[in-house]
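Take a look at the structure set out below.
Where a number appears in this text, it was derived from the coordinates with a stated rule and is not lab data. What you see is a predicted model, and the numbers here were worked out from it, not measured in a lab. Cβ sites come from the backbone with ideal geometry, for glycine too, and all protein chains shown count toward neighbours.
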Amino acid sequence: MARSKSKRRSGFTLIEVLLVAGILAVLAAFAIPNLINRAEKARVKIAMSYIGRSGPIATGLDGYKFDMGKYPDTDEGLAMLYLPKERVEDPRYDGPYMTGRIEELKDPWNNPFEYRSPGEFNEDGYDLWSRGPDGIDDNGKEGSDDVKNWLET
């Protein structure tokens, strides 16, 4: 009589597996774009912290201006902040004002920061910006994703 009992099979049916896979796909469709958007917002905040008034680039530029009486001009660029004192003939220069190498100074999208002095938007200072996520220098155009140190007007 023990043999007449039917054997029970354990496991999931194909319908159950497909149902779980469908639920996971729906959840992923909502979660993944949200995570990508958060990561992009974090990169924008990092870029803003670099170019903001208390960021490392602004601090280096302010130190340069304090010693030299002006910001480096556009042709000199941010590279002036990295030069050792021995390589600059002007006795007022007391650099370097930033550590590392200029090649290492990149935005979160691995592009160099853009710099212009005197500024077009900050006429009494300098314009400093990142090309943003798309890597294209929109330079103040409407709808730009550039991260910049000036306000839109």
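Here are the numbers for the structure shown:
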| item | result |
| --- | --- |
| The chain, Rg to Rh (Cα coordinates; Rh as Kirkwood inverse mean 1/r) | 1.42 |
| Residue-wise HN-Hα coupling along the stretch 49-66, computed from phi with Karplus coefficients 6.51, -1.76, 1.60 (Hz; x: Gly, Pro) | 5, 6, 9, x, 4, 10, x, x, 6, 4, 5, x, 5, 5, x, 4, 5, 4 |
| Ascending count of other beta-carbon atoms within 10 Å, so fewest first, for Met48, Met98 | Met48, Met98 |
| The stretch 18-148: relative contact order in percent, alpha carbon pairs under 8 Å with at least 6 residues between | 18 percent |
| Residue order, fewest to most surrounding Cβ atoms within 10 angstrom, among Ser54, Ser130, Ser10 | Ser10, Ser54, Ser130 |
| Expected 222 nm ellipticity per residue - DSSP helices of 4 or more, -39500 (n - 2.57), all of the chain, to 500 | -12000 deg cm²/dmol |
| Under 30 Å, Cα to Cα: Lys pairs in the stretch 18-148, sequence gap 8 or more or different chains | 20 |
| Dipole of the chain, positive direction: furthest Cα of Gly69, Ser144, Ala58, with charges on the beta-carbon | Ser144 |
| Estimated inter-spin distance, Asp94 and Ile15, nm [label 7 Å along Cα→Cβ] | 8.1 nm |
| Contour excess over end-to-end distance, with Cα ends at Glu40 and Phe66 and 0.36 nm allotted per residue | 5.9 nm |
